[in-house]
Amino acid sequence: MDLREKEHLNQEKEKKLVFLTSRVHPGESPASFVCQGVIDFLVSQHPVAQILRDHVIFKIVPMLNPDGVYLGNYRCSLMGFDLNRHWQDPSPWAHPTLHAVKQLIVQMNQDPVLGHSWGSFLWHYTRTKALTVCARSD
C-alpha cells in the first residue's frame with residue numbers, strides 16, 4: 001500500500017457515517033420516492049452533494065421490509081411484525097433485514113444513534129438501549 005492509499009484510508013475513517021433506511025412500513029410508498037430523490041441528489045454534481053460526499057459516508061437501505069412490500073402489507077413484515085418496534089433487539093430469525101442493518105450500523109460505528117420519527121416526535125435509541133424522545137422543531 002503506497003502513501004496515497006494510506007492517506008485515502010485515513011480520510012475515510014475521519015468521515016461521519018450516515019445510515020438512511022426506507023420502507024420499514026411497506027405501505028408508506030412515498031418513502032421510496034423520497035429515498036430515490038436523496039440518492040439522485042447525493043450522486044449529482046450539485047456543489048452541496050459534492051461537499052456531503054467529501055465529508056460523509058452514506059449507507060442507504062432503500063427498502064428495509066421487502067417481503068412486506070411484496071405481499072402488499074401496510075405495516076408488517078412477512079411474519080407479521082412491525083419492524084419499527086424491534087430496533088432495540090431485532091431477532092436474526094424473525095427480523096433478518098432489521099438485524100443485519102443494525103449489526104452493520106454497530107459494526108461501523110462504536111456509538112450509533114438509531115432513531116425514527118413519529119408524528120411530532122423523534123425517537124433515538126443508543127447502543128446502550130437508552131431511549132430519548134425529542135419534540136421535532138419543524
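Could you list, in sequence order, all residues of segment 22-36 that are more than 21 Å from LEU71 (Cα to Cα) and either at pLDDT 95 or above or polar (S, T, N, Q) (or both)? Result: GLN36, single match. In summary, helices (runs of 4 or more DSSP H) completely within segment 22-80 and bearing 3 or more residues that are over 13 Å from the mean Cα position of the chain (by Cα) and more than 21 Å from SER91 (Cα to Cα) occur at 30-42, 47-55. Within segment 30-66, the residues that satisfy the criterion of being touching a helix residue (DSSP H, G or I) at 6+ places or on another chain (Cβ under 8 Å) and of a type outside the set (A, V, I, L, M, F, W, C) are ARG53, LYS59, PRO62, ASN65, PRO66. Considering (1) modelled with pLDDT under 95; (2) surrounded by 13 or more Cβ atoms within 10 Å (Cβ to Cβ); (3) in a helix (DSSP H, G or I), the lone condition that LEU9 does not fulfil carries the number (2). Could you grab me the full set of residues in segment 85-96 that are touching a strand residue (DSSP E or B) at 6+ places or on another chain (Cβ under 8 Å) and either touching a residue at least 40 places away in the same chain (Cβ under 8 Å) or in a helix (DSSP H, G or I) (or both)? Listed by number, the list holds a single entry, GLN88.
The values are calculated or read from the model by the stated rules, or taken from the named source; none is laboratory data. Keep in mind that what you see is a predicted model, and the values were worked out from it rather than measured. Neighbour counts are summed over all protein chains in view; Cβ atoms, including those assigned to glycine, are modelled from backbone coordinates with ideal geometry.
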